[in-house]
Amino acid sequence: MTEQEIAYFDGLTERVDVLVLAHDWCGDVVANLPLLGKIEQVTGKLKLHILPRDPDNQDIAAAYLHADGRNHIPTYVFFNGAGEELGFFSERPDQITYLNRDWIDEFWESHPEWEGEGKALAEVDEDVRKALFDYLKEQRPQARELEKTAIIQIIRSILG
């Protein structure tokens, strides 16, 4: 984190509670939750409360739907000291979603011999799906700074 980003969080007048719905198998959780953890650790201005998105927490997940009408992980819900909801965001910044789509297109262009382009991932052969996920995992670090900056901008827009 930059000094400017740390200064923003240090300048908050109160601690913000963040309810996080997550699973450790999710790439977006693995990529982004550590950033919020670092903000919590360095500034003390966020307090993370992490819950698995499982059947016991479906009521919470259903209250925070993604723009596509489904619940996604991670979901971050921000609350002030009085317990009032400030806002939420889920999954990943839009910029990364757009890059992810480009990377998926590049993957299929590089592997015309494989079947599955345009299909739901559950319908793609397991070996091809694994190769796609490995490819995406290789690409993601290239956008790490963009992703970090976008997440902090989202948080700032929620917190004001």
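The values are calculated or read from the model by the stated rules, or taken from the named source; none is laboratory data. Because the structure is predicted, anything quoted here is derived from the model rather than measured. Ligands, DNA and RNA are excluded from the accessible area calculation, which covers all protein heavy atoms including side chains. Shrake-Rupley method; radii C 1.70, N 1.55, O 1.52, S 1.80 Å.
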Counting only protein heavy atoms and a 1.4 Å probe, tell me what percentage of the range 1-126's accessible area is made up of carbon and sulfur. 49 percent
Translational D in µm²/s for the range 111-160 (Stokes-Einstein at 20 °C, 1.002 mPa s, Kirkwood Rh from C-alpha pairs): 161 µm²/s
Per residue, how big is the convex hull of the range 1-75 when only Cα atoms are used? Give it in Å³. 109 Å³
Pairs of lysines in the chain (C-alpha under 23 Å apart; 8 or more residues apart or interchain): 8
Largest to smallest accessible area among Arg70, Arg92 [probe 1.4 Å]: Arg70, Arg92
Could you tell me what fraction of 2.2 N^0.38 Å the Cα radius of gyration of the range 55-145 comes to, as a two-decimal ratio? 1.38
Using modelled amide H (1.01 Å from N, peptide plane; none on Pro or chain starts), what sits under 5 Å from the amide H of Leu86, excluding residues fewer than 5 places away? Phe78, Phe79, Asn80
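State the dimensionless ratio Rg/Rh of the chain (Rg: radius of gyration of Cα atoms; Rh: Kirkwood radius).
When Rh is taken as the Kirkwood radius, the ratio is 1.01.
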Acute angle (nearest 10 degrees) that the helix 27-43 long axis makes with the longest principal axis of the chain, alpha-carbon atoms: 20 degrees
For the chain, set up a Gaussian network in which alpha carbons nearer than 10 Å are linked by springs, and say which option among Leu99, Leu86, Leu121 fluctuates the most. Leu121
